[in-house]
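Quick notes on the structure that follows.
The values are calculated or read from the model by the stated rules, or taken from the named source; none is laboratory data. Note that the coordinates shown come from a computational prediction; the quantities given were computed from them, not determined experimentally. Counting neighbours? That spans all protein chains shown, and the Cβs are built from the backbone with ideal geometry, glycine included. With ligands, DNA and RNA removed, areas are computed over all heavy atoms of the protein, side chains included. Shrake-Rupley method; radii C 1.70, N 1.55, O 1.52, S 1.80 Å.
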Amino acid sequence: MKKLAIFGTGGFAKELLDLALDQGYTEICFLEREVQRNQTLLGFPVRPESELTSFMNMDFVIGIADSVIRKKIYEFYPHLNYPNLVHSQASLGYGISDTLKRTKGVVIAAGARITNSCQFGNFVIISFNSTIGHDCKIDSYVSIMPGVNVSGCVQLETGVYIGTNATILPGNLEKPKMLGKYSIIGAGAVVLKNTLAFTTYIGAPAKELKK
C-alpha cells in the first residue's frame, strides 16, 4: 500500500490529490498546523503536523506553490521522504527520467511537456500544460504555473515563480537567458530579457514592477 501525506490544504494541495491517485497512492492525507476535529478535504483526512512522528512508511509532498514557503517546510522537515511525482500524462524527453533520479520533491503535472538536455534542482513545480524547451536549467524551488512556455536555453535560478500563461523567450547555449533567483514573472508576461533577483516583472514585453 502506497501512502502519501500532502503538506497544505489550498488549491495546489487539492490538485496534487489527482496526481497522487494517478501515481497509485491509496492512503492519502493532508497536513496542516491547526486542524479541526474530524476535518476532511475532498473526503480525505486532514491531520495535524504535530502527529508526524507517528507517520510510518509514508511519502510526503509539499502542496504549496509559494517557493519561499516550500523551502521553509523542507528545511523544517529535511528527514522525510520526498519522491518526485510525475503524472502519467506528462511528456518527458530523452534522458529526463534519468536526470530526475538525482532530484527529490519535483512535481510535474498532467500535460506538461519537457524536451531533452535539461537540468533540474529539488522541489521544482511544473504545472498543467507547461512546456520546457531544450537546454534549460531549472534550479531548486522554482514554480512554473499552468500554461507557461519556457523556450530553450533558459536558466531559472533558485525560487523563480512564473505565473500562468507567461512566456520566456529563448537564450542560446553560449549565453542562456537568465531569470534571477526569487524573481516573479506575472501571469501572461512575455520575458524578452534577463531578470533581476527578487524583482517582479509584468506585461508584454515584461517590465520591472516599480515598488
Enumeration of residues in the stretch 128-159 that are part of a loop (DSSP other than H, G, I, E, B), closer than 21 Å to S88 by Cα, out of contact with any Cys (no Cβ under 9 Å at 6 or more places or on another chain) and small (G, A, S):
S130, G147
Filtering the stretch 160-199 down to residues that are basic (K, R) and touching a residue at least 24 places away in the same chain (Cβ under 8 Å), which residue is nearest to N122 (Cα to Cα)?
K181
Run down L156, L192 and say which single residue is out of contact with any Ser or Thr (no Cβ under 7 Å at 6 or more places or on another chain) and surrounded by fewer than 16 Cβ atoms within 10 Å (Cβ to Cβ).
L192
Cβ-Cβ distance below 9 Å, separation of 6 or more or different chains: which pairs start in the stretch 130-151 with a residue that is under 13 Å from V106 (Cβ atoms) and in contact (Cβ under 8 Å) with a residue 12 or more places away in the chain and end on one that is of a type in the set (D, E) and in a loop (DSSP other than H, G, I, E, B)?
D139/E157; V142/E157; S143/D66
Of the listed residues (G95, G63), the one being of a type outside the set (A, V, I, L, M) and on the phi > 0 side of the Ramachandran plot is G95
Scan the stretch 99-123 for residues that are assigned to a loop (DSSP other than H, G, I, E, B), among the β-branched types (V, I, T) and either more than 14 Å from the chain's Cα centre (by Cα) or over 19 Å from P146 (Cβ atoms) (or both) and jot them down.
T103, T115
Quick one: which of I114, I126 is in contact with a helix residue (DSSP H, G or I) (Cβ under 6 Å, 6 or more places away or on another chain) and either touching a residue at least 24 places away in the same chain (Cβ under 8 Å) or not aromatic (F, W, Y) (or both)?
I114
Looking at the stretch 160-181, which of the residues that are in contact with an Asp or Glu (Cβ under 8 Å, 6 or more places away or on another chain) and either in a loop (DSSP other than H, G, I, E, B) or polar (S, T, N, Q) (or both) is most open to solvent (accessible area, probe 1.4 Å)?
L173
If we keep just the residues of the stretch 75-126 that are under 19 Å from E15 (Cβ atoms) and of a type in the set (S, T, Y), which is most open to solvent (accessible area, probe 1.4 Å)?
S88
Here are some residues: I69, I64. Which one is of a type in the set (A, V, I, L, M, F, W, C), open to solvent by 70 Å² or more (accessible area, probe 1.4 Å) and not in a strand (DSSP E or B)?
I69
